[in-house]
1. Looking at (1) at pLDDT below 95; (2) in contact with a helix residue (DSSP H, G or I) (Cβ under 8 Å, 6 or more places away or on another chain); (3) not assigned by TED's automatic domain parsing to the domain that holds I49, which one does E138 not meet, given that it meets all the others?
2. Can you tell me which residues in segment 84-99 are surrounded by 17 or more Cβ atoms within 10 Å (Cβ to Cβ) and either under 18 Å from E138 (Cα atoms) or away from the ligand (no atom under 13 Å from the Cβ) (or both)?
3. Please specify each residue of segment 100-116 satisfying the condition of being open to solvent by less than 30 Å² (accessible area, probe 1.4 Å) and over 14 Å from the mean Cα position of the chain (by Cα).
4. Could you give every pair whose Cβ atoms fall below 6 Å, whose first residue belongs to segment 154-174 and is within 15 Å of the ligand (Cβ to nearest atom), and whose second residue is modelled with pLDDT under 95 and open to solvent by less than 80 Å² (accessible area, probe 1.4 Å), counting only separations of at least 6 or pairs across chains?
5. Spot the failing condition for S119; the list is (1) over 21 Å from the mean Cα position of the chain (by Cα); (2) closer than 13 Å to Y84 by Cα; (3) among the small types (G, A, S), and only one is missed.
6. Could you check segment 75-121 and list, in sequence order, the residues that are under 15 Å from G149 (Cβ atoms) and part of a loop (DSSP other than H, G, I, E, B)?
Amino acid sequence: MDIFEIIKSRRTIRRFSQEKLDRNLLIDLIEVARCAPAGANIQSLEYIIVDDPLAVSQVFQTLAWAGHVKPKRNPEVGQRPVAYIIVLTDTEIKKEAHVDAAAAIENMLLAAWSKEIGSCWLGSIDRIKLLDVLKINEKYQIDSVIALGKPAETPVMEDAGESTKYYLDDKDVLHVPKRPLSKILHINKF
Ligand SMILES: Cc1cc2nc3c(=O)[nH]c(=O)nc-3n(C[C@H](O)[C@H](O)[C@H](O)COP(=O)(O)O)c2cc1C
């Protein structure tokens, strides 16, 4: 797939096969995160790879899934992510780094998808619990959690009408409406 195809075909995955992921591949994802742009090139982000089964199950307990179709896309046992990347900000380096984190995270999601690894970017996290579970130093802020694994669902993107809420159809396929180009593109003037 060329880069445009990778970007267009990536969808958030919330059901995963239980095949393990190679640790080296997870490390490669941190390598592409490291290459992302950062404001003033001040780099406050650090990462925790979680692929030990006990820690994976503990991280799962801190996450909330797919609010618009709750609880239908809460991954059941046998469908849950097999690894996570926790994205941290060192607040002594930068107080607030959401934009830097977003750039790094998108690099990881796309690189993962180029290797047919599915992902879900999660911001709904019980951060206090997760700090404790992973023994994270208090100077770090948890920005996001990235759930990873081989996909066991095939969501579809479509042009949005009135609503941009994702929804499940009667075959349990997740539909992801995106605002069409005609609604968001302006050329030379507004
Ligand atoms: C900042 C951010 C936070 C998100 N947090 C969650 C979350 O906590 N739980 C979840 O299931 N999905 C979460 N998502 C995934 C979005 O729901 C998903 O990206 C959106 O529905 C569009 O689907 P797509 O990624 O397939 O284009 C988050 C995405 C972003 C960018």
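1. It is condition (3) that E138 fails.
2. We begin by selecting, within segment 84-99, every residue surrounded by 17 or more Cβ atoms within 10 Å (Cβ to Cβ); these are 84-89, 94, 97.
Scanning segment 84-99 gives I85, I86, V87, L88, T89, K94, A97.
3. D100
4. none
5. In the conditions (1) over 21 Å from the mean Cα position of the chain (by Cα); (2) closer than 13 Å to Y84 by Cα; (3) among the small types (G, A, S), S119 misses (1) alone.
6. P75, E76, V77, G78, Q79, R80, P81, V82, K115, E116, I117
Residue by residue, here is whether (1) among the aliphatic types (A, V, I, L, M); (2) assigned by TED's automatic domain parsing to the domain that holds V32; (3) surrounded by 11 or more Cβ atoms within 10 Å (Cβ to Cβ) holds:
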| site | (1), (2), (3) |
| --- | --- |
| L130 | yes, yes, yes |
| S144 | no, yes, yes |
| G149 | no, yes, yes |
| V173 | yes, no, yes |
| L181 | yes, no, no |
| L185 | yes, no, no |
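The values are calculated or read from the model by the stated rules, or taken from the named source; none is laboratory data. This structure is a prediction, so every number in the text was calculated from the model and none was measured. So basically every Cβ, Gly included, is an ideal-geometry build from the backbone, and we count neighbours across all protein chains shown. The protein model used for the area step is the full one, side chains on, heavy atoms only, and it has no ligands, DNA or RNA in it. Shrake-Rupley method; radii C 1.70, N 1.55, O 1.52, S 1.80 Å.
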